[in-house]
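Visitor: Please see the structure below; I have some questions.
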Amino acid sequence: MPDVPSDPAPVLWQPSEDLVESANVTRFMRWLELGHETYEELWQWSVDDLEAFWSSIWRFFDVQADAAPIRVLGDRSMPGTEWFEGVELSYPEHVFRGRDADEVALLFDSESHGAGEWTWGELRAHTARVRAALRGLGVEAGDRVVAYLPNLPETIAAFLATASLGAVWSSCSPDFGARSVIDRFQQIEPKVLLAVKSYAYGGKTFDTTETVERLEREITTLEHTEVLGDGWFHEAPEEELEFERLPFDHPLWVLYSSGTTGLPKGIVHGHGGMLLEHLKKLHLHLDARDGDRVFWFTTTGWMMWNFLAGVLLTPAAIVLYDGNPGYPDLGRLWDLAECTRMTCFGTSAAYLHACMKGEVHPAEGRDLSALRAVGSTGSPLSPEGFEWVYEELGEDTWLFSTSGGTDVCTAFVGGTPIKPVRRGELQCRALGAKVEAYDEDGEPVVDEVGELVITEPLPSMPLFLWGDEDGSRLRESYFDTYPGVWRHGDWIRMTPEGGAVISGRSDSTINRGGIRMGTAEIYAAVLAEDAIADALVVDVPPRDGTGDAWMPLFVVTAEGTELTDEVVDALRRRIRSECSPRHVPDEVIAVDAVPRTLSGKVLEVPVKKVLMGGDPEKAASRDSLADPEAYDWFVAFARERAGDA
């Protein structure tokens with residue numbers, strides 16, 4: 001990836017005057033009365049005066065607490081920043097305040113449970129019932145309640161009930177292997193497990209009884225297990241829904257790093273930090289409004305589930321889907337968009353790329369007239385992916401690509417409804433998030449690729465990592481490279497227009513002859529070839545420390561296509577012209593599947609470690625993988641290659 005200035009990318013979408021005028025962020029700017037005329041002016045103020053900005057979020061959204069804060073920001077050093085000292089509040093209290101019981105709160109569809117919707121009255125009643133049952137089981141503030149549940153309305157109610165008591169929520173999807181679930185939940189010593197006996201995916205039903213029994217045996221702190229489908233909490237007494245107000249930094253939930261190596265990090269976020277971040281992000285960036293129906297394809301094991309649950313803090317309803325997004329075909333989620341009158345379609349870049357490759361035409365034969373926005377996250381969306389969305393859904397569609405992480409349960413680079421969308425670019429840095437690109441000397445640069453860092457604190461940064469008593473693991477994870485500055489582990493290029501381009505993980509970046517290339521840029525070139533459905537590229541240093549590194553490109557060919565010499569030549573030409581001649585792979589190798597984590601991340605670093613001779617069991621945890629057999633192929637390949645060396 002050459003560190004040279006680039007020409008501005010072409011504009012694919014321009015917000016209409018009506019959209020800019022009615023946007024929540026425009027209303028916020030006018031309420032501030034600070035004279036900001038552009039998003040960039042607002043962003044600059046938001047990171048220059050953190051106290052004033054986050055105080056304005058508190059006031060603009062009328063945050064309810066037992067007292068006014070003694071101070072907005074105490075010690076601002078990272079880690080350990082002190083926010084909103086002296087207040088007690090509740091995240092779920094803000095979800096339910098002022099709701100019309102007859103209005104729709106959420107819509108859902110599930111392979112195992114069918115489709116339907118809940119009103120706010122129904123969601124409140126379900127939440128109150130679960131709360132009463134949990135209280136009857138002895139659950140108190142600070143206890144941990146863990147959920148091995150699909151993406152169902154009952155799961156949303158269980159989370160809100162848990163948080164209303166001040167207990168700490170944590171969830172895993174039923175498609176996680178038993179060891180993977182145990183590695184996560186066992187760390188936090190839960191009192192109650194909520195589970196299902198089975199789930200459906202891809203037209204098949206999977207029995208989870210043995211897994212649940214194993215969880216009960218191995219997680220020794222469990223006192224109770226409640227199974228959905230066994231009259232789950234329906235015999236609980238009818239009670240009014242109440243909310244325990246808790247200190248600003250009281251734990252709300254525990255999320256987990258992907259767990260590709262070692263035990264997953266238990267990332268703890270607080271009621272106050274997540275409340276302020278989600279109020280800001282979901283109103284001012286997502287622009288969720290009354291009448292909107294917001295969807296994001298996710299499982300309960302990915303932070304986007306928590307993010308989607310947070311949309312309930314806005315006037316919008318949310319849309320849940322539980323099942324295989326490619327069953328019976330890739331049009332399944334677009335069918336859901338039509339039948340729910342979805343206004344915001346959130347998904348992964350991988351899904352959009354799959355639709356593009358599979359020649360899916362979302363608007364063909366479907367009424368998607370309600371759809372006004374498409375969100376993409378999980379990995380960088382290629383420039384061709386941007387163009388596909390506009391070709392298929394029309395020039396009036398607001399496409400926003402976002403990047404953030406489980407670590408902060410939000411996006412710190414992403415979308416805004418009041419700026420243009422440029423091909424292949426994220427529109428803006430999020431308000432209050434001082435994101436910079438650092439060069440090799442730790443200096444901020446523009447229009448050059450650098451390390452993605454955050455130089456000022458965010459309220460939603462982790463309170464701590466579970467079990468990290470002295471904070472050493474937290475510092476090592478985020479603050480060792482640049483003391484006092486959060487290093488996220490991505491390559492980013494900030495554009496002169498205030499946008500950004502994410503180029504993949506910095507720890508899997510390929511440096512050839514001094515030219516750094518994010519793997520996302522190589523994938524964008526490779527996947528532009530019709531013959532290629534998926535890819536993985538790594539750069540393996542020489543074993544003896546001398547000579548040249550070996551850069552293989554592993555590809556999955558499209559259905560009905562073989563990896564011929566012609567296809568290989570086409571790939572080499574495209575990479576040479578679109579990336580750099582130095583990043584033409586040394587070898588192109590066909591594989592049946594690319595190994596990924598359960599959250600969809602490509603296993604670049606573990607595969608690289610295995611190819612370097614590392615222990616496969618230490619390089620990646622099999623239970624964290626979506627398809628362990630895909631990883632096994634690389635293990636066998638590495639052994640065979642080592643025998644030939």
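Visitor: Looking only at residues that are open to solvent by less than 50 Å² (accessible area, probe 1.4 Å) and touching an Asp or Glu at 6+ places or on another chain (Cβ under 7 Å) in the stretch 568-597, which one is farthest from Thr299 (Cα to Cα)?
Guide: Ala570
Visitor: Can I ask one more? Could you pull out the residue among Leu308, Leu381 that is assigned to a loop (DSSP other than H, G, I, E, B), touching a Ser or Thr at 6+ places or on another chain (Cβ under 9 Å) and under 20 Å from Thr410 (Cβ atoms)? Lay out the reasoning, then the answer.
Guide: Details: Leu308 fails: assigned to a loop (DSSP other than H, G, I, E, B).
From the options Leu308, Leu381, the qualifying one is Leu381.
Visitor: Given the residues Leu19, Leu34, Leu12, which is the only one that is assigned to a helix (DSSP H, G or I) and either open to solvent by less than 60 Å² (accessible area, probe 1.4 Å) or not small (Gly, Ala, Ser) (or both)?
Guide: When all the criteria are applied, what remains is Leu19.
Visitor: Report yes if Gly467 is in a loop (DSSP other than H, G, I, E, B), open to solvent by 20 Å² or more (accessible area, probe 1.4 Å) and of a type outside the set (Ser, Thr, Tyr), otherwise no.
Guide: yes
Visitor: Only residues that are hydroxyl-bearing (Ser, Thr, Tyr) and either in contact with a His (Cβ under 6 Å, 6 or more places away or on another chain) or in a loop (DSSP other than H, G, I, E, B) (or both): list them for the stretch 203-246, please.
Guide: Within the stretch 203-246, Thr208, Thr220, Thr221 qualify.
Visitor: Taking the stretch 440-458 as the search range and keeping residues that are without any contact (Cβ under 8 Å) to a residue 60 or more places away in the chain and of a type in the set (Asp, Glu), which one is surrounded by the most Cβ atoms within 10 Å (Cβ to Cβ)?
Guide: Ranking the qualifying residues of the stretch 440-458, first place goes to Glu451.
Visitor: Which number in (1) open to solvent by less than 30 Å² (accessible area, probe 1.4 Å); (2) farther than 27 Å from Arg622 by Cβ marks the one condition that Phe176 misses?
Guide: So the condition that Phe176 fails would be (2).
Visitor: Continuing with this model, one more query. Determine if the stretch 258-273 includes at least one residue that is surrounded by fewer than 22 Cβ atoms within 10 Å (Cβ to Cβ), more than 19 Å from Thr343 (Cα to Cα), at pLDDT below 95 and under 13 Å from the mean Cα position of the chain (by Cα).
Guide: Scanning the stretch 258-273, I find at least one residue that is surrounded by fewer than 22 Cβ atoms within 10 Å (Cβ to Cβ), more than 19 Å from Thr343 (Cα to Cα), at pLDDT below 95 and under 13 Å from the mean Cα position of the chain (by Cα), so the answer is yes.
Visitor: May I pose another question? Condition first: more than 20 Å from Ser173 (Cβ to Cβ) and either among the acidic types (Asp, Glu) or part of a strand (DSSP E or B) (or both). Now tell me which residues in the stretch 269-292 satisfy that.
Guide: Across the stretch 269-292, the qualifying residues are Gly270, Glu277, Asp287, Asp290, Asp292.
Yes/no per residue for (1) open to solvent by 40 Å² or more (accessible area, probe 1.4 Å); (2) within 15 Å of the chain's Cα centre (by Cα); (3) of a type in the set (Asp, Glu):
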| position | (1), (2), (3) |
| --- | --- |
| Glu359 | yes, no, yes |
| Arg372 | yes, no, no |
| Leu381 | no, yes, no |
| Leu399 | no, no, no |
| Ile418 | no, no, no |
| Gly432 | no, no, no |
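Visitor: Regarding the stretch 341-356, can at least one residue be identified that is in a helix (DSSP H, G or I) and among the basic types (Lys, Arg)?
Guide: no
Visitor: If you don't mind, there's one more thing I want to ask. For the condition out of contact with any Ser or Thr (no Cβ under 6 Å at 6 or more places or on another chain) and under 24 Å from His488 (Cβ atoms), what is the one hit in Arg71, Arg99, Arg76?
Guide: Numbers: Arg71 fails: under 24 Å from His488 (Cβ atoms); Arg99 fails: under 24 Å from His488 (Cβ atoms).
Of the residues listed, the single one that is out of contact with any Ser or Thr (no Cβ under 6 Å at 6 or more places or on another chain) and under 24 Å from His488 (Cβ atoms) is Arg76.
Visitor: OK, next. Can you tell me which residues in the stretch 74-99 are in contact with a strand residue (DSSP E or B) (Cβ under 9 Å, 6 or more places away or on another chain), on the phi > 0 side of the Ramachandran plot and either touching a residue at least 40 places away in the same chain (Cβ under 8 Å) or crowded, with 18+ Cβ neighbours inside 10 Å (or both)?
Guide: Phe84, the sole residue that qualifies.
Visitor: Sticking with this structure for a sec: Residue under question is Arg71, and the condition is that it be in contact with a helix residue (DSSP H, G or I) (Cβ under 9 Å, 6 or more places away or on another chain), of a type in the set (D, E, K, R), within 29 Å of Gly471 (Cα to Cα) and touching a residue at least 40 places away in the same chain (Cβ under 8 Å); does it hold?
Guide: Answer is no for this residue.
Visitor: Within the stretch 57-73, can one find any residue that is over 24 Å from Glu242 (Cβ atoms), touching a strand residue (DSSP E or B) at 6+ places or on another chain (Cβ under 7 Å), of a type outside the set (Ser, Thr, Tyr) and part of a loop (DSSP other than H, G, I, E, B)?
Guide: Looking through the stretch 57-73, at least one residue is over 24 Å from Glu242 (Cβ atoms), touching a strand residue (DSSP E or B) at 6+ places or on another chain (Cβ under 7 Å), of a type outside the set (Ser, Thr, Tyr) and part of a loop (DSSP other than H, G, I, E, B).
The values are calculated or read from the model by the stated rules, or taken from the named source; none is laboratory data. Not measured: the values here are computed from a predicted model. Counting neighbours? That spans all protein chains shown, and the Cβs are built from the backbone with ideal geometry, glycine included. Ligands, DNA and RNA are stripped out before the accessible areas are found, and what is left, the full protein with its side chains, is counted by its heavy atoms. Shrake-Rupley method; radii C 1.70, N 1.55, O 1.52, S 1.80 Å.
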